Amino acid sequence: MEEKDIDRLCRNLSEETTCEEANAFEQWRTEEDHEQLCQLLEGLHLNSRIEKKAEELRPVILAEIHYRIKNNKKHTGNIRRLVAIAASIAILIIGGGLGWFYGFTQQNEWLQASCAMGVHQTLQLPDGSIVTLNGGTTLSYPQQFGKKIREVRLQGEAFFDVQHDPEKPFVVYSKEIRIKVLGTRFNVEAYNNEESVTVTLESGKVAVCPEGSQVECILEPNQQAIYNKETRQLKRAQANVTQVTGWIVNDLYFHSTPLKDIVRKLERQFNVSFRITSENLANTPYTCDFTDDESLETILAVFALDKRFKYRKEQGEYIIYE
């Protein structure tokens, strides 16, 4: 294998290999195929110059494969050749195994921070960036960032204060989109049970791109990108950052917000469960701000003042009815 082959591999993984291709590889990697691959690797010998080049490309290769395998999207293709080459590089360099395909090694383990409902959690990433997680959120990140990129995986909502490093872009992946920044402050709301993914920028500049698309939405401060999961449409809008990020200090802002969206936020804020008994109620919009760390009972009492709904608590669940 020559240097040009490794360079071509890196380009292919970044530009051509799709999530479904990676998923196809995951299905293909049976025990028999594993043995065949190991036999192939035993016959490969790389000179020191190639090993050095492969070492430089390893973080990019493994990050791409890890992301592709975890996400099943569109297209099919020849994943065997690409991943077999990547596997040979990874295994020959570190003397490890196919566990590298999942982003874990003894040298650089991927860590996971999960935040329970009803609480917030703040953590510092290996580069000094600060992340605040909302309730019901999971963030995955490497123990050490690679030499060329800083990447994390998010499911839920988080506010990022990213250390500026023009030589090493910071990328946030959710299931549907990726966000690329150099150094900035922004909020990402990407819960699995929400209809959209929203990125709101406080300072700096970010590029938001739906998975499988080459179209980027560039945000300036006080703007947000909203990606509709069903229509797969991405739009840009003006945003009130204070209201979007109010959850960090337990403030809640609802402006013409459907009741179904309100109760989801209340569930995360207070670690409770709601059930709305009619679709009409679920889609009823409400406008109200709560900025004094008010109790759940106070919030519900305020919403119920206009008599559009009633509520009761049964076996730990709040029932909302007409």
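The values are calculated or read from the model by the stated rules, or taken from the named source; none is laboratory data. Keep in mind that what you see is a predicted model, and the values were worked out from it rather than measured. As a convention, Cβ positions derive from the backbone with ideal geometry for all residues, glycine included, and neighbour counts pool all protein chains shown. Just the protein is used for accessible areas: all its heavy atoms, side chains included, with ligands, DNA and RNA removed. Shrake-Rupley method; radii C 1.70, N 1.55, O 1.52, S 1.80 Å.
Results, tabulated for the structure shown:
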| item | result |
| --- | --- |
| Among the listed pairs Lys235/Lys310; Lys168/Lys235; Lys148/Lys235, those beyond 32 Å (Cα-Cα) | Lys235/Lys310 |
| Per-residue SASA entry for Ile218, accessible area with 1.4 Å probe, Å² rounded to 10 | 70 Å² |
| Accessible-area ranking of Arg153, Arg275, Arg178, largest first, probe 1.4 Å | Arg275, Arg178, Arg153 |
| Mean Cβ neighbour count within 10 Å, used as a protection proxy, ranking 205-216, 111-122 highest first | 205-216, 111-122 |
| Rg and Dmax [Cα atoms of the stretch 172-322; Å; Rg one decimal, Dmax integer] | 17.0, 49 |
| Point-charge dipole on Cβ atoms (K/R +1, D/E -1) for the stretch 172-322, about Cα centre, debye to 20 | 380 debye |
| Cα→Cβ-extended label distance, 7 Å offset, between Ser114 and Asn280, nm | 4.0 nm |
